[in-house]
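Following: one structure in structure tokens, then a few remarks.
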Amino acid sequence: LAPGSALSTAGVWTNDAPLASGAPTRVQLNGGSIDIAAARSVVAGQGSRIDVSAGAWQPAGRKLGLGAAGQLTLTAGSDLADATLLLGGDIAGFDFSAGGTLTLGVPQLSIGGTADTGFSLKPEFFSADGFGTIAVRSVGDVLVAGGTVLAPQLRNWVLGPGSTQSPSGAMRPGV
């Protein structure tokens, strides 16, 4: 994925309430699925974004509808010498309750330390992007550095107090 580019199956905020401004948009509550697999490397450049987050819909005069986030799968090869998974941008799987599903497949993984080969994650990664289910698969070793504490915390979308006046569009903070 080139630097600064985006790949999204995310839901959108649709507001049909009479006080909202903006053109009507499609209703897309749920995030979709994205599955990227490569024989060697998967690279998401700096400033890129991969998004499977949920959307919401405020129909005029009816109850608010909340969507569910989708699934993101990133799988990079099986050869320790040649395979790379590089996440230089953002990934997102936010919704209103359980979060999306993230599956990473790498030849070797290090958590909380630096990897001589393979892919390395900081403990904060498991709480940063709205994913409620995270699966990490490795054909090699999964190494967790001594003293590393994994304490994931789910982050969700929360509609703001003025959301019924927010125009339709992409989900964003404050909607």
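The values are calculated or read from the model by the stated rules, or taken from the named source; none is laboratory data. Only a predicted model underlies this, so the values are computations on that prediction, with no experimental measurement involved. Cβ coordinates were reconstructed from backbone atoms using ideal geometry, including for glycine residues, and neighbour counts include every protein chain displayed. Quick note on the areas: whole protein, heavy atoms, side chains included, nothing else; ligands and nucleic acids left out. Shrake-Rupley method; radii C 1.70, N 1.55, O 1.52, S 1.80 Å.
A few comments on the model shown:
- Qualifying residue in the stretch 139-150 (condition: modelled with pLDDT under 90 and closer than 22 Å to Ile34 by Cα): yes
- Of all residues in the stretch 140-153, those satisfying the criterion of being among the β-branched types (Val, Ile, Thr) and not in a loop (DSSP other than H, G, I, E, B) are Val142, Val144.
Condition check ((1) exposed (fewer than 14 other Cβ atoms within 10 Å of the Cβ); (2) at pLDDT 90 or above; (3) out of contact with any helix residue (DSSP H, G or I) (no Cβ under 7 Å at 6 or more places or on another chain)) across all residues:
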site: Ala23; (1), (2), (3): yes, no, yes
site: Gln28; (1), (2), (3): no, yes, yes
site: Asp51; (1), (2), (3): no, yes, yes
site: Gly61; (1), (2), (3): yes, no, yes
site: Ala92; (1), (2), (3): no, yes, yes
site: Thr101; (1), (2), (3): no, yes, yes
site: Pro107; (1), (2), (3): no, no, yes
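- Criterion violated by Phe131 - all others in (1) modelled with pLDDT of 90 or more; (2) surrounded by fewer than 16 Cβ atoms within 10 Å (Cβ to Cβ) satisfied: (2)
- Residue that is outside any loop (DSSP other than H, G, I, E, B) and open to solvent by 80 Å² or more (accessible area, probe 1.4 Å), where the choices are Arg137, Arg172: Arg137
- Of the residues in the stretch 110-122, not one is touching a residue at least 60 places away in the same chain (Cβ under 8 Å) and open to solvent by less than 50 Å² (accessible area, probe 1.4 Å).
- Sole exception among (1) under 21 Å from Pro152 (Cβ atoms); (2) open to solvent by less than 70 Å² (accessible area, probe 1.4 Å); (3) in a loop (DSSP other than H, G, I, E, B) for Ala2, by number: (1)
- The set of residues in the stretch 40-89 that are of a type in the set (Gly, Ala, Ser) and closer than 14 Å to Met171 by Cα comprises Ser53, Ala54, Gly55, Ala56, Gly65, Gly67, Ala68, Ala69.
- Close contacts from the stretch 51-66, counting a first residue that is small (Gly, Ala, Ser) and a second that is in a strand (DSSP E or B) and open to solvent by 10 Å² or more (accessible area, probe 1.4 Å), with Cβ to Cβ under 6 Å and a gap of 6+ residues or different chains, come to Gly55/Val12; Ala56/Leu66; Gly65/Trp57.
- Pair list, Cβ under 9 Å, 6 or more apart: the stretch 33-46 residue farther than 17 Å from Gly4 by Cβ and of a type in the set (S, T, N, Q), other residue open to solvent by less than 30 Å² (accessible area, probe 1.4 Å) and not in a strand (DSSP E or B): Ser33/Val52; Ser33/Gly70; Ser41/Gly77; Ser41/Ala83
- Of all residues in the stretch 140-169 being within 17 Å of the chain's Cα centre (by Cα) and touching a residue at least 40 places away in the same chain (Cβ under 8 Å), the one that is least open to solvent (accessible area, probe 1.4 Å): Trp157
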